[in-house]
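Structure record follows, encoded as structure tokens.
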Amino acid sequence: MKVYLHADDFGLTKKITDDILECIDAGVINSVSLMVNGYAFEYAVEQLIKRKDQKINLSLHVNLDQGTSITESKLLTDSKQHLNKGFEGLFWRNLFWIGTRKKQLEDEIYHEVEQQIIKALPLFAAMNLPLKIDGERCTHLIPVVFNAILKLSDKYPIRNIRI
């Protein structure tokens with residue numbers, strides 16, 4: 001049986017990334033979730049590729065919770081395109097919004113998640129790993145987000161979603 005000791009938020013900041021790398025190098029962690037809209041994304045990618053032989057399990061950490069949106073969004077972000085609705089905001093919007101506004105939310109989530117997948121795919125290919133998905137603060141389990149990921153699985157090679 002293979003046991004994965006996992007760390008989220010890889011690529012969010014250089015400090016968090018360095019702390020996780022220290023654990024990887026010490027053999028404590030063998031699995032990470034990468035935030036493609038993190039402040040240290042490029043650095044994290046560089047470091048993972050250097051450690052390709054260490055067989056690190058990798059997931060895309062879909063982030064609709066913090067940092068800067070990859071796409072232009074009105075319903076997920078503030079005026080500076082910072083993701084700011086959090087799990088609670090997305091959950092309540094999913095629950096109570098209907099009609100045109102709900103459709104706009106679904107579309108914005110779909111496009112943001114798709115762009116995060118597109119940004120992550122080259123790394124998964126370079127590491128010869130299947131695309132796995134999880135989410136910051138489990139936002140990927142909110143039905144509107146989960147449905148977007150399921151739709152995207154018809155278009156992209158998503159192997160699994162952490163539940």
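Here are a few things to note about the model shown:
- Residues of region 109-158 classified as open to solvent by less than 30 Å² (accessible area, probe 1.4 Å), under 26 Å from LYS52 (Cβ atoms) and assigned to a loop (DSSP other than H, G, I, E, B), total: 1
- Residues that are among the hydroxyl-bearing types (Ser, Thr, Tyr) and either farther than 21 Å from ASN128 by Cα or open to solvent by 10 Å² or more (accessible area, probe 1.4 Å) (or both) within region 18-58 comprise TYR39, TYR43, listed in sequence order.
- Residues within region 1-17 that are without any contact (Cβ under 8 Å) to a residue 40 or more places away in the chain and open to solvent by 20 Å² or more (accessible area, probe 1.4 Å), tallied: 8
- Flag for SER69 being among the hydroxyl-bearing types (Ser, Thr, Tyr) and either open to solvent by less than 30 Å² (accessible area, probe 1.4 Å) or touching a residue at least 60 places away in the same chain (Cβ under 8 Å) (or both): yes
- Of all residues in region 72-101, those being in contact (Cβ under 8 Å) with a residue 40 or more places away in the chain, of a type outside the set (A, V, I, L, M, F, W, C) and either outside any helix (DSSP H, G or I) or more than 16 Å from ASN37 (Cα to Cα) (or both) number 2.
- Residues that are out of contact with any strand residue (DSSP E or B) (no Cβ under 9 Å at 6 or more places or on another chain) and of a type in the set (A, V, I, L, M, F, W, C) within region 55-86 comprise ILE70, LEU75, listed in sequence order.
The values are calculated or read from the model by the stated rules, or taken from the named source; none is laboratory data. The structure displayed is predicted, hence computed values, not measured ones. Because the Cβ atoms are built from the backbone with ideal geometry, glycine has one as well, and the counts that use them run over all protein chains shown. Surface accessibility is based on the protein's heavy atoms, side chains included, excluding ligands, DNA and RNA. Shrake-Rupley method; radii C 1.70, N 1.55, O 1.52, S 1.80 Å.
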